[in-house]
């Protein structure tokens, strides 16, 4: 059996622990009950069983941040055929904007999915979808990808923590990731970039290529974002995130407004 299932009656929460995790003595940040940050139930993910959970704001740059940024940017450059002269994260954001230029939204999303796929060995994705995703009705896979996302993607999104999400059956599962203030959204300043290069393609990637449903709920007021692994997203026609107006500070909106001699510019492209 790949994992054990723990059920807490009061919290109505399933918790799946792998054999390796089961060998770690309690308390462990991966097994201990979460704390609450800013009204969100969350835990700080750590690779070490004896570490103390940190506040969600306390994250410091990691050794591999620049490596991950360079890899991701190179994949985006290969897809767009263009690179920014700006270094680091600012250059990455310019390439992300370029991805939305000269093609409709569906092609932008398809390109973003290809970029995500190119970051993984094809066999790994296929094996995960076939062998891991079906375990315990998908809950084990949802728990795994939530932890990996929180550990490996903070260079892109900023500080984040694993938290509990409510499942359609009334139970809850520690398969969420709460991003307190998404760096990608804050730096891009664009609803269209968020929706078409991040939210929708990421949901598609996890569902179609890893077998894990994902709902992403960006907040365009405070720039936070809630990942909910194991939950199917709504149809695009009824997704509230796609009904948000263009941000006032969106660079694309500002440029279009300048070209139209300060007349009202159309909204940011989005689904």
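Below is a table of values for the structure above.
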{"quantity": "Odd one out for residue 241 among (1) surrounded by fewer than 22 Cβ atoms within 10 Å (Cβ to Cβ); (2) touching a strand residue (DSSP E or B) at 6+ places or on another chain (Cβ under 8 Å); (3) at pLDDT below 95", "calculated": "(1)"}
{"quantity": "Members of region 104-136 found to be surrounded by fewer than 15 Cβ atoms within 10 Å (Cβ to Cβ) and in a loop (DSSP other than H, G, I, E, B), listed by number", "calculated": "104, 119, 120, 121, 134"}
{"quantity": "Criterion: closer than 14 Å to residue 105 by Cβ and crowded, with 24+ Cβ neighbours inside 10 Å - qualifying residue of 198, 194", "calculated": "194"}
{"quantity": "Selection status of residue 224, surrounded by fewer than 22 Cβ atoms within 10 Å (Cβ to Cβ), within 27 Å of residue 246 (Cα to Cα) and assigned by TED's automatic domain parsing to the domain that holds residue 103", "calculated": "yes"}
{"quantity": "Residue in region 226-239 that is farthest from residue 156 (Cα to Cα), counting only those that are in contact with a helix residue (DSSP H, G or I) (Cβ under 7 Å, 6 or more places away or on another chain) and in a strand (DSSP E or B)", "calculated": "229"}
{"quantity": "Among (1) touching a helix residue (DSSP H, G or I) at 6+ places or on another chain (Cβ under 7 Å); (2) farther than 21 Å from residue 141 by Cβ; (3) part of a helix (DSSP H, G or I) - the single one residue 220 does not satisfy", "calculated": "(3)"}
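Residue-by-condition table, conditions (1) in contact with a strand residue (DSSP E or B) (Cβ under 8 Å, 6 or more places away or on another chain); (2) at pLDDT 95 or above; (3) more than 25 Å from residue 247 (Cβ to Cβ):
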site	(1), (2), (3)
140	yes, yes, yes
144	no, yes, yes
148	no, yes, yes
184	no, yes, no
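The values are calculated or read from the model by the stated rules, or taken from the named source; none is laboratory data. Please read all numbers here as calculations on a predicted model, not as lab measurements. We place every Cβ from the backbone using ideal geometry, glycine too, and count neighbours over all the protein chains shown.
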